[in-house]
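The values are calculated or read from the model by the stated rules, or taken from the named source; none is laboratory data. Note that this is a predicted model, so its numbers are computed, not measured. Cβ: placed from backbone, ideal geometry, glycine included. Neighbour counts: every protein chain shown.
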Amino acid sequence: MPSLIPNIASPLLSWYHQHARSLPWRDHPDPYAIWVSEIMLQQTRVEAVKVYFERFLQQLPTISDLANADEQTLLKLWEGLGYYSRVRNLQKAAQVVVLEHGGQLPSSFDELKKLPGIGDYTAGAIASMAFQCPVPAVDGNVLRVMTRLTTDDRDITKPAVKKDYFCQIETLLKPLSRSGDFNQAVMDLGATVCLPNGLPKCESCPISHLCQAFAQNRMLEFPVKPSKKPRKIEKHTIFLLRQNDRVALVKRPDSGLLAGLWEFPHVQGALSLKHAVAQLEQWGIQTKHIEKSIPHTHIFSHIEWRMSSYLVTGKEHQFSSFPFIWVSKEQLLQTYPLPSAFQPFASDLLWKEKPV
Ligand code: SF4
């Protein structure tokens, strides 16, 4: 049976012309802005990215600014977006661009892929959207639309399946002058019509007349992927230590989960009050007041932290307790990058009135 994919270009492009989402990075059609937006959008919802994108470009308006930014500024700009290796790679790539490409992002798919943090999808998105190269940008949205369109029951996590769609879409794009628009049209269709969770809005879909899953009422059977392994669960006890209007922070190691970010002191396990006080003594903190505080669960992609917490007021003048640093509220908000896992403790607890 001939592929259905070449037939979708025309209806999809007409639909995109009328229904393209208004997104901040589409108002900045320069390669750097497209690159930053695509890296932010990996694993993160469009709505969440908008604010981060504007702030990032305001503070680091050029590739050279990004290449020269200090680590803490960079992590603070990324605070809450998660997957911090993305921003580290973004900076490494910016440094390569400055050194080897005169500060201009290369335009070819192959050259883009040589940069840290840029894989097939991102290289395809940048090359097509910023430079109109006829290359696909195959992500989960594209695979969902394509497998529904063709009732393809192959496992989409297999590299061979992605490669097959890459080749088919590349063939479609070669004679087309609007590669960037085509790729964005599929992205928008996947995000707003051919939805990932729940029923797709087939009645509003510009390619429903071609779609095999729609014809057979089998939309929810695609895409096919293996079920995920259950997440590992870890319990942690968080210590919100305050004294003299300062709070204790500690830096995470330079590699691994949340590398190089700051956090409230914590230990693994759900400690009883007695064991919590013993832990504080081990750190050299003499407790003036301690009370149980809110619990919070944070879900990473592969692990779940179930966190209990204690709000602790230390006796005066214990600022030397290594490895903590003691920071003011302003410093915590403006200077030190704190991962999302710890944000509820900061916003809900740290600034409530001190116990008498
Ligand atoms: S008709 Fe429905 S299932 Fe098919 S591509 Fe459109 S939205 Fe997706």
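In table form, for the structure just shown:
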item	result
Residue list for region 117-174, filter: small (Gly, Ala, Ser) and not in a helix (DSSP H, G or I)	117, 119, 137
Number of positions in region 101-141 that are within 16 Å of the ligand (Cβ to nearest atom), surrounded by fewer than 17 Cβ atoms within 10 Å (Cβ to Cβ) and at pLDDT 95 or above	0
Residue within region 54-65 that is hydrophobic (A, V, I, L, M, F, W, C), surrounded by fewer than 20 Cβ atoms within 10 Å (Cβ to Cβ), at pLDDT 95 or above and on the phi < 0 side of the Ramachandran plot present	no
Residue count, region 144-198 (criterion: touching a Pro at 6+ places or on another chain (Cβ under 7 Å), more than 13 Å from residue 12 (Cβ to Cβ) and of a type in the set (Ser, Thr, Tyr))	2
Criterion: within 14 Å of the ligand (Cβ to nearest atom) and either surrounded by fewer than 14 Cβ atoms within 10 Å (Cβ to Cβ) or of a type outside the set (Asp, Glu) (or both) - qualifying residue of 269, 260, 198	198
Any chance residue 177 is within 11 Å of the ligand (Cβ to nearest atom) and of a type in the set (S, T, N, Q)	no
Enumeration of residues in region 147-162 that are within 10 Å of the ligand (Cβ to nearest atom) and either small (Gly, Ala, Ser) or within 22 Å of the chain's Cα centre (by Cα) (or both)	none
Flag if residue 208 is in contact with a Phe, Trp or Tyr (Cβ under 6 Å, 6 or more places away or on another chain) and assigned by TED's automatic domain parsing to the domain that holds residue 18	yes
Residue within region 236-243 that is of a type outside the set (Ser, Thr, Tyr), within 16 Å of the ligand (Cβ to nearest atom), at pLDDT 95 or above and surrounded by 15 or more Cβ atoms within 10 Å (Cβ to Cβ) present	no
Output for region 205-233, where each listed residue is away from the ligand (no atom under 14 Å from the Cβ) and more than 19 Å from residue 157 (Cβ to Cβ)	232, 233
Yes/no for residue 144 being basic (Lys, Arg) and either surrounded by 20 or more Cβ atoms within 10 Å (Cβ to Cβ) or within 16 Å of the ligand (Cβ to nearest atom) (or both)	yes
Total residues in region 175-214, condition of a type in the set (Val, Ile, Thr) and in a helix (DSSP H, G or I)	2
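Each row is one residue, and each column tells you yes or no for (1) surrounded by fewer than 13 Cβ atoms within 10 Å (Cβ to Cβ); (2) touching a residue at least 40 places away in the same chain (Cβ under 8 Å); (3) not in a loop (DSSP other than H, G, I, E, B).
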position	(1), (2), (3)
280	no, yes, yes
293	no, yes, yes
308	no, yes, yes
311	no, yes, yes
323	yes, yes, no
330	yes, no, yes
